[in-house]
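The values are calculated or read from the model by the stated rules, or taken from the named source; none is laboratory data. The shown structure was predicted, so the numbers you read here are calculated from the model rather than taken from an experiment. All Cβ positions, glycine included, derive from the backbone under ideal geometry; neighbour counts span all protein chains shown. Accessible surface areas use protein heavy atoms only, side chains included; no ligands, DNA or RNA. Shrake-Rupley method; radii C 1.70, N 1.55, O 1.52, S 1.80 Å.
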Amino acid sequence: MADDSRGTRAGSHRRRAGGGGRRRKPPVRRKGRRIAAWSAGALVLLGGTGAGFLYFKLNGNLSSVDINGALGKNRPQNVDNGSMDILVLGSDSRAGANNKYGRDEGGSRSDTAMIVHVYAGHQKASVVSIPRDTMVSRPECTTPGGKTAPAVKREQFNEAYSIGGAVCAVKTVEAMTDIRMDHYMEVDFAGFQKLIDKLGGVEVTTTKPINDKQSHLKLDAGTHQLNGEQSLGLVRTRHGVGDGSDLGRIKLQQAFIKALINQVKSIGLFTSPTKLYGVADAATKSLTTDKDLASVDKLYGFANSLKGIGSENMHMVTLPVGPDPRDQDRVVPLTEPSKLLWQALKNDQEIPEAAVKDGDGAKTQADGVVK
């Protein structure tokens, strides 16, 4: 992306003026390595011979975007309640090492989008998946070439990233939710695959066969140790399960994320410095973050604050949507349930059942296919 900067070193982890912060870090009560163990492990490696080299190499792997600098003060208010909100995107760019997954048509889109809300105390989280085919209002954005893309009342959600990269994606999400995003994280296809391979794969159980030629995935019903290629196929498949909708794919992605968290917990990275470094190297190469996370030490602090959260402490839902009356291949947010959802997160409260029970994403043919 044109607005990335390689190896950016973040400043102190603080809130911008006028809002207070959510970055309260509670005492760590146990040594669970539940989320992003690769970043914590990187710091362990730095204590040995060659620490300086490893630090700068891993730092140099990272790409960053200055979200705060680009958006300025015209954003939702910082809510000083100890919670944290992170926009996580998976990019479907076909450039470079990603071109084996399709033809590069001159741009990228946010293939996967999730808002991760970490509750005060950092012991649990809610994850809201946004279907990429959701029709939304997009605010005015700046293109990578410096031109202005005027605001539009109706546009597919993932077009925001295509038009203005990470900054436009964050700006669009904040306009939708009235919630300020504290951080931004993005991973691409090739990086995701390599990271899974370095982790030794991820174990999942499928209750039905999956066969999708477009995502190069064929699995019988049963338990599988998926490698990087298969994992990527699973989180991208639309036609191998259910009705081929993005809503079904989201269900598979949510199940895979929980399996991935469990895998990171179970493999004992800290007993193998070689594996540990390989995971850290692959992970930092695959990531683009906001500027405040764009260094190994900042990522370590971020991961350390979240390691009390396991898969059993994550509530995963889909933005409540219904059919778009103007286009049967698109969906639109359900007004009242969406308001309930965003208000709950803004107030650091549990998502009420009424906010998600009626959306098309609440129940799909892909439910329970992956465990």
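Mind counting the residues in region 115-126 that are under 26 Å from G72 (Cα atoms), crowded, with 18+ Cβ neighbours inside 10 Å and of a type in the set (A, V, I, L, M)?
Here is the first cut: in region 115-126, the ones under 26 Å from G72 (Cα atoms) are 115-120.
Filter once more, so that each one left must be crowded, with 18+ Cβ neighbours inside 10 Å: 115-119.
Then keep just the ones that are of a type in the set (A, V, I, L, M); that gives 115-116, 118.
Residues that pass the stated criteria total 3.
Of the conditions (1) over 29 Å from K285 (Cα atoms); (2) at pLDDT 85 or above, Q253 fails just one. Which one is it?
So Q253 meets the others, but not (1).
Looking only at region 297-309, decide whether some residue is farther than 25 Å from L345 by Cβ, at pLDDT 85 or above and part of a helix (DSSP H, G or I). Quick ask: steps written out before the conclusion?
In the first step, residues of region 297-309 are kept if they are farther than 25 Å from L345 by Cβ; the result is 297, 300.
Restricting the remaining residues to those that are at pLDDT 85 or above gives 297.
Okay, now just the ones that are also part of a helix (DSSP H, G or I), so 297.
Yes: region 297-309 contains one or more residues that are farther than 25 Å from L345 by Cβ, at pLDDT 85 or above and part of a helix (DSSP H, G or I).
Just to check your reading of the model, which residue among G146, G165 is open to solvent by 10 Å² or more (accessible area, probe 1.4 Å), under 24 Å from S63 (Cα atoms) and not aromatic (F, W, Y)?
Values: G165 fails: open to solvent by 10 Å² or more (accessible area, probe 1.4 Å).
Matching residue, one of G146, G165: G146.
For region 175-189, give me each residue that is of a type outside the set (V, I, T), outside any strand (DSSP E or B) and at negative phi.
First, the residues of region 175-189 that are of a type outside the set (V, I, T): 175-176, 178, 180-186, 188-189.
Checking which are outside any strand (DSSP E or B) leaves us with 175-176, 178, 180-182, 189.
The answer is A175, M176, R180, M181, D182, F189.
Just to verify a result, which residue in region 293-326, among those that are open to solvent by 30 Å² or more (accessible area, probe 1.4 Å) and in contact with an Asp or Glu (Cβ under 9 Å, 6 or more places away or on another chain), is farthest from K339 (Cα to Cα)?
K298
Looking at (1) open to solvent by 30 Å² or more (accessible area, probe 1.4 Å); (2) modelled with pLDDT of 95 or more; (3) acidic (D, E), can you tell me which one E174 breaks?
Looking at each condition in turn, E174 falls short on (1).
Got at least one residue in region 296-317 being free of Cβ contacts under 8 Å to residues at least 40 places away in the same chain and either touching a Lys or Arg at 6+ places or on another chain (Cβ under 6 Å) or under 24 Å from N158 (Cα atoms) (or both)?
Residues of region 296-317 that are free of Cβ contacts under 8 Å to residues at least 40 places away in the same chain, as a first pass: 312.
Adding the requirement that they be either touching a Lys or Arg at 6+ places or on another chain (Cβ under 6 Å) or under 24 Å from N158 (Cα atoms) (or both) leaves none.
The answer is no; no qualifying residue exists.
Just give me the residues in region 213-250 being modelled with pLDDT of 85 or more, surrounded by fewer than 20 Cβ atoms within 10 Å (Cβ to Cβ) and over 18 Å from G191 (Cα atoms), in sequence order.
Those that are modelled with pLDDT of 85 or more, surrounded by fewer than 20 Cβ atoms within 10 Å (Cβ to Cβ) and over 18 Å from G191 (Cα atoms): K218, D220, A221, G222, T223, H224, Q225.
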